[in-house]
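Presented below is the structure to which this report refers.
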Amino acid sequence: MTNLFKIDDLVKIAKRENNTKRSYLYVNPVQGKHVPVSPSLPLLLFSALAAKIESRYPEERLLVIGFAETATAIGSTIAYKAKNAVYYMNTTRENVAGAAYLFFTESHSHATEQRLVANGMGDILSNVDRVIFAEDEVTTGSTIEKLIRILQGKYADKALKFGIISILNSMPDARLRELEGEGIPCDCLYRLPVRYRVDEVERHTYLPLSTEKAKGTCGQVRTVRVGGYWNCRQAADTAKIRRLTEKFVDAAVSALETERADRILVLGTEEFMFPGLLIGAEIENRWPKKTVRFHATTRSPIEISRDEEYPLHDRTPLSSLYDGNRDTFIYNLAKYDMVLIITDANPVAKEGLSSLIGALEQYGNNQIILIQWGNFDHEKQLFK
């Protein structure tokens with residue numbers, strides 16, 4: 001599978017905004033996060049990780065944990081595809097009702113606080129042989145190691161084993177050997193040299209960044225609400241995840257009328273990416289002549305440049321659909337015949353939806369459908 005991609009197809013250097021701890025980041029144009037992509041490509045890439053996990057741990061029952069927000073679709077795909085993955089969840093920066101958390105930090109990130117929902121974790125760890133952490137790119141492994149130490153301390157009575165899987169790994173060889181010597185195998189699709197191409201971040205001419213958010217008319221947006229929800233931030237067995245997710249995808253796609261839409265954008269929201277990715281792939285499968293693209297909103301503030309080799313050419317500021325007071329962004333927007341916003345925000349922050357609708361309208365997108373996955377009751381309002 002992976003011979004379809006060259007390393008430099010998956011590695012573009014971008015500049016973080018006002019980040020003195022790590023000025024650069026790797027943007028993967030095939031990942032479906034910042035850059036619009038045919039949804040079949042990230043699923044192909046992530047499925048190669050699932051195959052690696054199956055062959056590495058063929059006799060073990062795995063809990064897969066994807067890291068928010070960039071690797072949630074990666075971890076979800078691994079758990080969805082790998083036969084030995086029996087539970088899945090992702091870390092989160094969102095508030096989960098009734099949750100107890102394990103807190104840890106991601107020191108180089110724009111938002112350093114990470115957390116893992118601890119409810120039911122003891123029982124799950126008693127029923128698995130190993131915990132696998134899924135990432136897009138691993139540079140030092142320090143964030144994952146922090147979480148491992150917390151789990152070891154919290155669940156000292158469990159015989160815990162761990163592993164790391166990522167698309168890219170740029171750890172120094174000594175660090176890789178150190179982790180593997182501690183019983184933490186590190187698998188990846190591509191090994192990168194340390195600080196691979198990072199000097200390129202200074203070669204580009206960066207554009208001024210706008211902070212002004214557009215305002216759209218939410219009332220003109222068609223809304224499709226689908227029940228039978230699974231919250232990806234809470235651990236669940238993969239059979240349940242597959243069943244609920246497939247029902248959601250089928251319900252969402254069946255609600256569409258795409259005959260007059262030749263170009264379709266499917267847009268995930270922050271940590272909630274995997275269901276939208278599957279919806280995009282299903283649209284491609286049902287209507288192969290249509291052009292489908294997928295990417296997602298993000299908390300990550302990244303500089304933009306019009307230089308041809310730079311991956312992000314424009315940035316639109318938004319409010320979050322989950323919290324109207326939180327700044328988020330979307331990159332490389334374009335005009336489509338139809339846009340599907342796929343979210344599990346419940347209720348939706350009106351400021352967030354208004355800014356996203358306004359941003360889409362600025363690029364000429366007028367047919368917009370909001371598809372919301374949740375556990376609804378008759379009293380719950382769409383907006384907060």
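Which of the residues that make up the range 280-296 are surrounded by fewer than 24 Cβ atoms within 10 Å (Cβ to Cβ) and either among the small types (Gly, Ala, Ser) or in a helix (DSSP H, G or I) (or both)?
As a first pass, look at the range 280-296 and keep what is surrounded by fewer than 24 Cβ atoms within 10 Å (Cβ to Cβ): 281-282, 284-291, 293.
Listed by number, the residues that qualify are Ala281, Glu282, Glu284, Asn285, Arg286.
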Qualifying positions in the range 1-49 - open to solvent by 10 Å² or more (accessible area, probe 1.4 Å) and basic (Lys, Arg) | Lys6, Lys12, Lys15, Arg16, Lys21, Arg22
Looking only at the range 81-103, decide whether some residue is farther than 29 Å from Ala334 by Cβ, assigned to a helix (DSSP H, G or I), open to solvent by 40 Å² or more (accessible area, probe 1.4 Å) and not hydroxyl-bearing (Ser, Thr, Tyr).
-> yes
Glu54 fails exactly one of (1) farther than 23 Å from Lys33 by Cα; (2) at pLDDT 95 or above; (3) not in a helix (DSSP H, G or I), namely (3)
Across the range 141-192, what is the total count of residues that are polar (S, T, N, Q), within 24 Å of Lys12 (Cβ to Cβ) and surrounded by fewer than 18 Cβ atoms within 10 Å (Cβ to Cβ)?
-> 1
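So, in the range 299-331, of the ones that are closer than 19 Å to Gly216 by Cβ and polar (S, T, N, Q), which residue ends up most open to solvent (accessible area, probe 1.4 Å)?
Looking only at the range 299-331, we keep the residues that are closer than 19 Å to Gly216 by Cβ, and these are 314-331.
Add one more test, that the residue is polar (S, T, N, Q), and what stays is 316, 319-320, 325, 328.
Details: Thr316: 11, Ser319: 11, Ser320: 0, Asn325: 143, Thr328: 2 Å².
Looking at the filtered set, the residue picked out is Asn325.
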Would you point out which residue out of Lys247, Lys213, Lys240 is open to solvent by 20 Å² or more (accessible area, probe 1.4 Å), touching a residue at least 40 places away in the same chain (Cβ under 8 Å) and not hydrophobic (A, V, I, L, M, F, W, C)?
-> Lys213
Kindly indicate whether any position in the range 258-271 is at positive phi and modelled with pLDDT of 95 or more.
-> yes
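Any idea how many residues of the range 146-160 are without any contact (Cβ under 8 Å) to a residue 40 or more places away in the chain and either touching a Cys at 6+ places or on another chain (Cβ under 9 Å) or under 17 Å from Ile65 (Cα atoms) (or both)? Walk me through how you get there before you give the answer.
Going through the range 146-160, the residues without any contact (Cβ under 8 Å) to a residue 40 or more places away in the chain turn out to be 148-149, 152-153, 155-160.
Next cut, either touching a Cys at 6+ places or on another chain (Cβ under 9 Å) or under 17 Å from Ile65 (Cα atoms) (or both) only: 148-149, 152, 155, 160.
Total meeting the criteria: 5.
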Are any residues in the range 57-66 surrounded by 24 or more Cβ atoms within 10 Å (Cβ to Cβ) and either part of a loop (DSSP other than H, G, I, E, B) or small (Gly, Ala, Ser) (or both), and if so, which ones?
-> Gly66
Select from the range 216-237 the residues that are in contact (Cβ under 8 Å) with a residue 60 or more places away in the chain and under 19 Å from the mean Cα position of the chain (by Cα) and write down the one among them that is surrounded by the most Cβ atoms within 10 Å (Cβ to Cβ).
-> Cys232
For the range 302-316, does any single residue satisfy the condition of being under 26 Å from Thr245 (Cα atoms), out of contact with any Gly (no Cβ under 6 Å at 6 or more places or on another chain) and not in a strand (DSSP E or B)?
-> no
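The values are calculated or read from the model by the stated rules, or taken from the named source; none is laboratory data. All values reported here derive from a predicted model rather than from experimental measurement. Counting neighbours? That spans all protein chains shown, and the Cβs are built from the backbone with ideal geometry, glycine included. Remember, those area values only see protein heavy atoms, side chains included, never the ligands or the DNA or RNA. Shrake-Rupley method; radii C 1.70, N 1.55, O 1.52, S 1.80 Å.
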